[in-house]
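Step one of this worksheet: look at the structure below.
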Amino acid sequence: MTAYDIFFAPFADYGFMRRALVACLCLGLGSGPIGVFLMLRRMSLMGDAMSHAVLPGAAIGYLVAGSLSLTAMGIGGLVAGLSVALLSGVVSRMTVLQEDASFASFYLASLALGVLIVSLRGSNIDLLHVLFGTILAIDAPALTQIGAITSVTLLALAVIYRPLVAECFDPGFLRAVGGRGPIYHFLFLLLVVLNLVASFQALGTLMAVGLMMLPAAIAQLWSRNLPAMMIIAAASAAASGYLGLIASYHLELASGPTIIMTAALLYGLSIFFAPSGLARRFFPRPHLKG
Amino acid sequence: MSAPVIRLDNLTVSYDRHPAVHHLSGTFQPGSLTAIAGPNGAGKSTLLKAIMGELRPAEGRVEHLMQRTDFGYLPQAADINRRFPISVLDTVLLGSWRSAGAFGRIAKQDAACARAALATVGLEGFEKRHIGSLSAGQFQRVLFARLLLQDARIILLDEPFTAIDARTTRDLLDVVARWHGDGRTVIAVLHDFEQVRAYFPETLLLARQLIGWGPTQEVMSSANLLQARAMAERWDEDAEACEPAA
């Protein structure tokens, strides 16, 4: 088997592999930087919760459209995800519950409701698709939608970069200069939900955050510079997508989980070999003179 | 006497209905350098938060004719993520918010001012350092540099020298003196009475209620300080509602 057969032939021969590849590259470009911000806001697990919260909306969209239509499921998921984010924000402000506690309650209820709705009408196959995604079944309209979401994400991040950084780093300062922090927090949550919806068909509700948080963790291990972290996150997410697809093709593995496992593998390598990683701990270099 | 920059009118701020600042009235004159002193739990930080509009008065009000961007505020334990990947220079440049805002260009001149501000607080050459690598004293210097860049007319400092080494404290007190010389209004919450006596011409002595407000020598009398301590420690779980004064 030549290098061409391994690395290019699957995409040259099959349209579904090409579409899956483009979808992965797009998802990586958008989700990587979003994941970096999620991590810096100490909301790593919030992304996971959010991806489950998207489920009932997507399920309703699925029932209404009668098939795995990304548009219907996307709109439903967007509404459900934002509702949970807003409701838990309101509850934590009005009661003694901290935001993470109210969020956990809402997303569990949301996940249960979503599975109920799917199992009410759909088959077990549908449930599997919703939970684990069908990246090889992505069609042209779905691809357009994913590409649009990625473009909007990158543009929006560029526009709100400064207030978003200020809001993550020193919210008190932003408040003191009248910087309207809550607006940027909300816009950011909107971007998170949008990207989860984009990942939804490809990776399913259980692993949609995989291309968000694993690349972000990898980036944090390699760099202490925010723009560099976002580039590393996007690049490692895209690389996971590409390598994962190739591996799943040749080894005949399920694509979604293989992509996430590839990202996990890169994460594992980073834990050892990154500048702040374990290798440095076992083989320390001598300290400097000054 | 010119018009005051901030007027407190019968200000009461409470937590769970217990007043932390109780019926406080008075004015801050433009260009004044005032220490807010008092024992623990006297409502000093609460007063600053009320002036910044972060706490809503239970009664009375805070009046001023300033824009939000005319205020520079350094909270006590600032809610700052010290592990955030941001450089010293970028942190100081946040102080250009008034001219650059959320989306505007940061002028070349602002970058030059930021470097100058860093030099003023004794951190020349630290521009590219990551803030996580700074000591507590150095980080406080960075926050003062940001305040310098903000070019605020009114500067509120909440316990700025707590857990800061002596040399940094001395350097930063020089910055405060410089602001005073520029004619800016500076209000600082302090618990070190020696510092108050040495550097601050005016003092507001607070023990939830006003004990004294005026020239430091008069306000910081031992009789006043004793009274302040006695009053701040009083906490009545079953206090009755405070009727408005007739």
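Restricted to helices (runs of 4 or more DSSP H) entirely inside the stretch A:1-90, those with at least 2 residues that are buried (at least 24 other Cβ atoms within 10 Å of the Cβ) are A:15-40, A:44-53, A:55-65.
Only a single criterion out of (1) farther than 19 Å from A:Gly178 by Cα; (2) under 23 Å from the mean Cα position of the chain (by Cα); (3) within 11 Å of chain A (Cβ to nearest Cβ) is not satisfied by B:Arg129, namely (2). Being surrounded by fewer than 22 Cβ atoms within 10 Å (Cβ to Cβ) and of a type outside the set (Gly, Ala, Ser) is the filter; apply it to the stretch B:80-92 and report the residue that is farthest from the other protein chains (Cβ to nearest Cβ). In this case the residue turns out to be B:Leu89. Picking from residues in the stretch A:184-204 that are among the hydrophobic types (A, V, I, L, M, F, W, C) and within 17 Å of A:Pro56 (Cβ to Cβ), the one that is surrounded by the fewest Cβ atoms within 10 Å (Cβ to Cβ) is A:Phe200. Would the stretch B:135-142 turn up any residue that is touching a Gly at 6+ places or on another chain (Cβ under 7 Å), crowded, with 20+ Cβ neighbours inside 10 Å and not assigned by TED's automatic domain parsing to the domain that holds B:Val5? Scanning the stretch B:135-142, I find at least one residue that is touching a Gly at 6+ places or on another chain (Cβ under 7 Å), crowded, with 20+ Cβ neighbours inside 10 Å and not assigned by TED's automatic domain parsing to the domain that holds B:Val5, so the answer is yes. Scanning the stretch B:83-114 for residues being closer than 22 Å to B:Pro160 by Cα and either at pLDDT below 85 or not in a loop (DSSP other than H, G, I, E, B) (or both) gives a total of 12. What do you reckon, is B:Ala3 over 14 Å from the mean Cα position of the chain (by Cα) and of a type in the set (A, V, I, L, M, F, W, C)? Yes: the conditions hold for B:Ala3. Quickly run through the stretch A:176-189 and pick out the residues that are facing another protein chain (nearest Cβ under 7 Å) and part of a helix (DSSP H, G or I). A:Ala176 - this is the single residue of the stretch A:176-189 that is facing another protein chain (nearest Cβ under 7 Å) and part of a helix (DSSP H, G or I). Within the stretch B:186-194, the presence of at least one residue that is in contact with a Phe, Trp or Tyr (Cβ under 6 Å, 6 or more places away or on another chain), closer than 30 Å to B:Pro19 by Cβ and buried (at least 18 other Cβ atoms within 10 Å of the Cβ) is confirmed.
Within the stretch A:269-278, being among the small types (Gly, Ala, Ser) and either surrounded by fewer than 13 Cβ atoms within 10 Å (Cβ to Cβ) or in a loop (DSSP other than H, G, I, E, B) (or both) holds for A:Ala274, A:Ser276, A:Gly277. Take the residues of the stretch A:12-38 that are under 24 Å from the mean Cα position of the chain (by Cα) and of a type in the set (Phe, Trp, Tyr): which is farthest from A:Thr150 (Cα to Cα)? Result: A:Phe16. Counting residues in the stretch A:251-271 that are charged (D, E, K, R) and closer than 30 Å to B:Leu149 by Cβ gives zero. Residues considered: A:Ala142, A:Ala148. Of these, the only one that is more than 13 Å from chain B (Cβ to nearest Cβ), free of Cβ contacts under 8 Å to residues at least 12 places away in the same chain and assigned to a helix (DSSP H, G or I) is A:Ala148. Exactly one residue among B:Ala20, B:Ala42, B:Ala50, B:Ala37 is touching a Pro at 6+ places or on another chain (Cβ under 7 Å), under 30 Å from B:Glu240 (Cα atoms) and not basic (Lys, Arg), and that residue is B:Ala50. Scan the stretch B:36-79 for residues that are without any contact (Cβ under 8 Å) to a residue 40 or more places away in the chain and either within 9 Å of another protein chain (Cβ to nearest Cβ) or small (Gly, Ala, Ser) (or both) and jot them down. Of everything in the stretch B:36-79, those that are without any contact (Cβ under 8 Å) to a residue 40 or more places away in the chain and either within 9 Å of another protein chain (Cβ to nearest Cβ) or small (Gly, Ala, Ser) (or both) turn out to be B:Ala50, B:Gly53, B:Glu54, B:Gln67, B:Arg68, B:Ala77, B:Asp79. Of the residues examined, A:Arg224 is not one that is on the phi < 0 side of the Ramachandran plot, out of contact with any Pro (no Cβ under 8 Å at 6 or more places or on another chain) and among the basic types (Lys, Arg).
The values are calculated or read from the model by the stated rules, or taken from the named source; none is laboratory data. As the structure is a prediction and not an experimental result, all values here were calculated from the model. Please note: Cβ atoms are built from the backbone with ideal geometry, for glycine as well, and neighbour counts cover all protein chains shown.
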